[in-house]
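Derivation of every value follows stated rules applied to the coordinates shown; laboratory data play no part. Worth saying up front: this structure is predicted, and the values here are computed from it rather than measured. Cβ atoms come from the backbone with ideal geometry, glycine included; neighbour counts cover every protein chain shown.
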Amino acid sequence: MDYIQEFRAPKIAKSLLQQIAKEVDTNRQYNLMEFCGGHTHALHRYGIPSLLPANVKMIHGPGCPVCVLPIKRVDQAIFLASQKDVIFCSYADMLRVPGSHQDSLIKAKARGADVRMIYSVEDALKLAEENPNKKVIFFAIGFETTTPPTAVAIQLAIAKKLDNFLIFCNHVLTPIAMQAILSEDVKIDGFLGPSHVSVIIGSNAYDKVTKEYQKPMVVAGFEPLDVLQSILMLIKMINAGKIGVENQYTRAVVPNGNQLAQDLISQYLTIRDTFEWRGLGYIPNSALEIKDAYSKFDAEKYYQIPEVQGLEHKQCACPDILRGLKEPKDCKLFGVVCTPEQPMGACMVSSEGACAAHYQYGG
């Protein structure tokens, strides 16, 4: 049995779409936000938005870690990469994300900076072992999903006595971002909760935000049948006036999440007082930093990083797209000046970006 194909079965998809059509109240609008960029791509890859009833609208959220990183942090990464005797390690997506004046890490590399594309933080640790006379800086980004490997990296760096290994920490927190979104003027009736993040933090992590803002949420898997079933569950919750969290992705997500991963994170990282998000501004308690006890691994403590402003492209709609206020098609640059080959904003660069999804699969 091909278990992946089981979650893409056309007959079951058709049945779920029929159930959704039957469940919706034609006298009202349903505005559903898929928080995760992976869900955005799944929706458009399988053409799901065009198959839903006209009064069910999917709104893109800020769940793309590359996209929500502000211009300022990209500029600071370029600054670090340009320092003497530094090897700067980054995942592929971040290499092409534009900073101020359309500068990027890949352009810094062309100017002579030693910027390396890596596939895991283990690659950065290996480089630190092989280059004891260089400072090896790992560009740590992402939501709770990618945070445990960063904690493990600190643990391994201690064990291997890698005093030349540093981390530029940009890990952000999902539930706090949802609170920020709901504090905006965006009309949202319910959320499709993220998959991989929820594996780490558990479905219970959203209880506070759903109750405080009186919204329903369904933690959803990535496959088309997962998404369709989750939309059906969410519409039923909305119709019943039900508040709280339901879990569709039970094959991977449990209420309390992965306790081992959570313990690793809390051992080496702590919550920042505030952190800037692209499109959302500064949000208190929304990101992580390295604990003082391990500050020798913190690139922000080792280097005097300039406090730059970070200049967004004036016509780029990425900040509004991340807040759910606009769609990619509303951006004047989309598909004309801004393409995957020549991105003007992070939403077109990232493999989880809304603009990249619309460009690849159509809106």
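Quick look at the values:
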| quantity | calculated |
| --- | --- |
| Distance-filtered residues of the stretch 217-259 - backbone nitrogen under 20 Å, label point 7 angstrom along K187 Cα→Cβ | 217, 234-242 |
| Contour excess over end-to-end distance, with Cα ends at Q342 and Q19 and 0.36 nm allotted per residue | 112.1 nm |
| Among the listed pairs K57/K291; K72/K187; K160/K301; K208/K326, those beyond 31 Å (Cα-Cα) | K57/K291 |
| Mean separation of Cα contacts under 8 Å (6+ apart) over length of the chain, as relative contact order % | 23 |
| Separation of alpha-carbon centers, the stretch 287-317 and the stretch 323-348, rounded to whole Å | 25 |
| Among V254, V308, V115: highest mean-square fluctuation, GNM of the chain, C-alpha pairs under 10 Å | V308 |
| Using a Förster distance of 30 Å, the FRET efficiency for D273-K126 (Cβ separation, nearest 0.05) | 0.35 |
| Sites S50 and D85 - FRET efficiency at Förster radius 35 Å, r taken between beta-carbons, to 0.05 | 0.10 |
| Rounded FRET efficiency, nearest 0.05, which uses the C-beta distance separating D103 from K160 and R0 of 25 Å | 0.15 |
| Ellipsoid equivalent to the chain - semi-axes via the Cα gyration tensor, in Å | 36, 23, 18 |
| DSSP beta bridge pairing in the chain, given as percent antiparallel to the nearest 5 | 20 |
| Nearest-20 debye value, the chain charge dipole, Cβ charges on Lys, Arg, Asp, Glu | 420 |
| HN-Hα J in Hz across the stretch 21-29 - Karplus 6.51, -1.76, 1.60, θ = phi - 60°, x for Gly and Pro | 4, 6, 7, 5, 8, 5, 8, 9, 9 |
| Placed amide H near I167: partners under 5 Å, 5+ positions off or other chain | F138, D298, A299 |
| Amide H partners (placed H, <5 Å) of M344, local residues excluded | T339 |
| Label point at K314 placed 7 Å out along Cα→Cβ; residues across the stretch 100-136 whose backbone nitrogen lies under 14 Å | 101 |
| Where labels lie 7 Å past Cα in the beta-carbon direction, separation of K242 and N31 in nm | 2.3 |
